[in-house]
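Participant: Can you keep this structure in mind? I'll have questions shortly.
Computed from the coordinates by the stated procedures, all read-outs in this text should not be read as laboratory data. Every value quoted in this text rests on a predicted model; they were computed, and no experiment measured them. A quick note on method: Cβ atoms are made from the backbone with ideal geometry, for glycine too, and the neighbour counts reach across all protein chains shown.
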2 protein chains.
Amino acid sequence: MSNSWMVELPVTPVGRVEPCCPPLTSAELSQADAEKMAAMFKALADPVRLRLFSKVASHPDGEACVCDIADVGVSQPTVSHHLKKLREAGLLASERRGTWVYYWVEPAVIAGMAALLGSPD
Amino acid sequence: MSNSWMVELPVTPVGRVEPCCPPLTSAELSQADAEKMAAMFKALADPVRLRLFSKVASHPDGEACVCDIADVGVSQPTVSHHLKKLREAGLLASERRGTWVYYWVEPAVIAGMAALLGSPD
């Protein structure tokens, strides 16, 4: 990123999906871990959220301006709602820079979710 | 499995989650792929389904009798409902043998979901 006007604001997620639990295939989940994991999967269990997430995750710059990803066929308030859900789940991080909010993927969280599914390292 | 009374019934899933889509991190998802993937994640977005799934996936025999996994704190009809959802999503396969139904995990589907999350191979 070469935006000289970039402002580093502190990021304070409302909630957060942490890699939390043993792989699903290695041991029975406790009720508490099952609730954490269900929240992670729920955040990705919506087509619009998945499309927004993949637009951010696949963006060449490694991050995306909300102005570049909002064309998913729903209204701007709906886009904002889904981006908030992804942020609250800790799947996306965000930062306001001037007019726009920028989003990027939390790689540790994604790797953690893949590990939960028992994928080989 | 050494059950001499094992009967090989044909398994006909009602629906099926196939590994379908490029990794979330490699390209923007199409609407059609996003809908398929959301269905996969939705099947795992429930604590009871996750606990049932992990009981099957972590069972020492590689499969589990429904009689061994039903103690997840909900009624038997609710267990049946959730097992049906997991079967319909293609995450579990099942087979009736005599009195009991046995469940096992579809490994290709789990590997496919992990790949969707862009985990390293």
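Participant: Counting pairs of alpha carbon atoms under 8 Å apart in space and at least six apart in sequence, what relative contact order in percent does the range B:46-117 give?
Facilitator: 33 percent.
Participant: A follow-up question, please. Quote the Stokes-Einstein diffusion coefficient, in whole µm² s⁻¹, for the range B:46-117, based on the Kirkwood radius over alpha carbon pairs, a temperature of 4 °C and a viscosity of 1.567 mPa s.
Facilitator: Approximately 105 µm²/s, per Stokes-Einstein.
Participant: Further, regarding this structure: Determine the alpha carbon to alpha carbon distance for each of B:K55/B:K85; A:K85/B:K85; A:K85/B:K84; B:K36/B:K85; A:K85/B:K55; A:K84/B:K85 and list only those over 19 Å.
Facilitator: Where the Cα-Cα span goes over 19 Å, the pairs concerned are A:K85/B:K85; A:K85/B:K84; A:K85/B:K55; A:K84/B:K85.
Participant: Right, next: Taking θ = phi - 60°, what integer Hz values does the Karplus form 6.51 cos²θ - 1.76 cosθ + 1.60 yield along the range B:53-67, in sequence order, with x for Gly and Pro?
Facilitator: Residue by residue, the range B:53-67 yields 4, 5, 5, 5, 5, 9, 5, x, 7, x, 8, 9, 6, 4, 5 Hz.
Participant: Equivalent-ellipsoid semi-axes (√(5λ), Cα gyration tensor) for the range A:30-72, whole Å, largest first?
Facilitator: The equivalent ellipsoid of the range A:30-72 has semi-axes of 27, 11, 7 Å.
Participant: Hey, another quick one. Give me the one-decimal nm value for the distance between modelled label points at B:E35 and B:Q76, 7 Å along each residue's Cα-to-Cβ direction.
Facilitator: 3.8 nm
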